[in-house]
1. Considering only the range 61-93, how many residues are in contact with a helix residue (DSSP H, G or I) (Cβ under 7 Å, 6 or more places away or on another chain) and within 30 Å of residue 15 (Cα to Cα)?
2. Taking the range 151-193 as the search range and keeping residues that are within 17 Å of residue 40 (Cα to Cα) and not in a helix (DSSP H, G or I), which one is modelled with the lowest pLDDT?
3. Tell me which residues, restricted to the range 49-61, are in contact (Cβ under 8 Å) with a residue 24 or more places away in the chain and among the charged types (D, E, K, R).
4. Can you tell me which condition residue 162 does not meet? The list is (1) more than 22 Å from residue 32 (Cβ to Cβ); (2) in contact with a Leu (Cβ under 9 Å, 6 or more places away or on another chain), and all the others hold.
5. Filter the range 35-63 down to the residues that are over 17 Å from residue 83 (Cβ atoms) and among the charged types (D, E, K, R), then identify the one that is least open to solvent (accessible area, probe 1.4 Å).
6. Taking the range 132-148, which residues are among the basic types (Lys, Arg) and surrounded by 20 or more Cβ atoms within 10 Å (Cβ to Cβ)?
7. Can you tell me which residue is nearest to residue 122 (Cα to Cα) among those in the range 39-69 that are in a helix (DSSP H, G or I) and charged (D, E, K, R)?
8. Show the residue pairs that are 6+ apart or on different chains and have beta-carbon atoms under 8 Å apart, the first residue being within the range 62-82 and farther than 16 Å from residue 18 by Cβ, the second being of a type in the set (Asp, Glu) and open to solvent by 20 Å² or more (accessible area, probe 1.4 Å).
Amino acid sequence: MRKGRATGMDEARGGERAEEFHAFFEQHYAALARLAHLLTGDADGADDLAADALLALWRRWDRVRAAEHPAAYARGVLANMARSRIRSAVRERRRITLFWPSGGTDARDDPDVPAVVDVREALRRLPFRKRACVVLRHAFDLSERETARTLGVSVGTVKSQTSKGMAELQRLLGPQQALERVRMTAAGTGGDR
């Protein structure tokens with residue numbers, strides 16, 4: 001009889017755990033997908049990356065819900081997964097280039113046309129840490145401390161990387177439009193996401 005009662009309590013806890021996760025999923029999925037899109041530049045893969053991050057969070061849900069800032073924990077997991085995917089894609093491109101070198105140049109590589117560079121293209125040009133700092137600080141309005149916690153770096157690193165990233169975006173997009181266009185992109189008014 002005891003075994004039956006324990007099993008019932010475990011099922012009740014499991015149901016409560018699933019409900020908590022479902023509420024977390026509903027509240028944070030869209031923002032995680034936008035973050036994934038801005039970090040990777042891949043609209044099609046952003047939903048998959050957000051789903052993969054949430055699956056990883058479900059697997060360690062007890063640790064996530066016990067965290068001081070579960071949303072920051074989720075953004076950190078997603079940022080780490082995005083970094084891994086970007087590194088894999090870069091390695092794959094390098095391997096392909098070794099076997100099939102390209103003969104021409106792409107007009108988008110021309111540094112004389114920064115006025116026509118889209119925000120997402122400009123973000124893709126930033127190294128990952130700068131991109132992540134700019135997106136989390138300015139597109140998601142996180143504080144320097146929240147951004148540092150999300151990325152697992154110091155507040156000083158967030159300050160310097162954000163400053164350098166914004167300087168690069170200003171060079172690419174124009175000094176007055178960079179911050180406004182980054183914010184519009186995150187809000188979904190600057191494109192398809």
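The values are calculated or read from the model by the stated rules, or taken from the named source; none is laboratory data. In this text the structure is predicted, and so the values were computed from the model without any measurement. FYI the Cβ positions are ideal-geometry reconstructions off the backbone, even for glycines, and counts take in every protein chain you see. Note: areas computed on protein heavy atoms with side chains; ligands, DNA, RNA excluded. Shrake-Rupley method; radii C 1.70, N 1.55, O 1.52, S 1.80 Å.
1. The total comes to 16.
2. The qualifying residue modelled with the lowest pLDDT is 193.
3. Scanning the range 49-61 gives a single hit, 52.
4. It fails just one condition, (1).
5. Going through the qualifying residues, I end up with 47.
6. Within the range 132-148, just 137 meets the criteria.
7. Within the range 39-69, the subset in a helix (DSSP H, G or I) is 39-40, 43-59, 61-66.
Now drop any that are not charged (D, E, K, R), which leaves 44, 47-48, 52, 59, 62-63, 65.
On the way: 44: 18, 47: 21, 48: 23, 52: 26, 59: 35, 62: 38, 63: 36, 65: 35 Å.
Ranking the candidates gives 44 first.
8. The qualifying pairs are 69/146; 72/146; 81/52.
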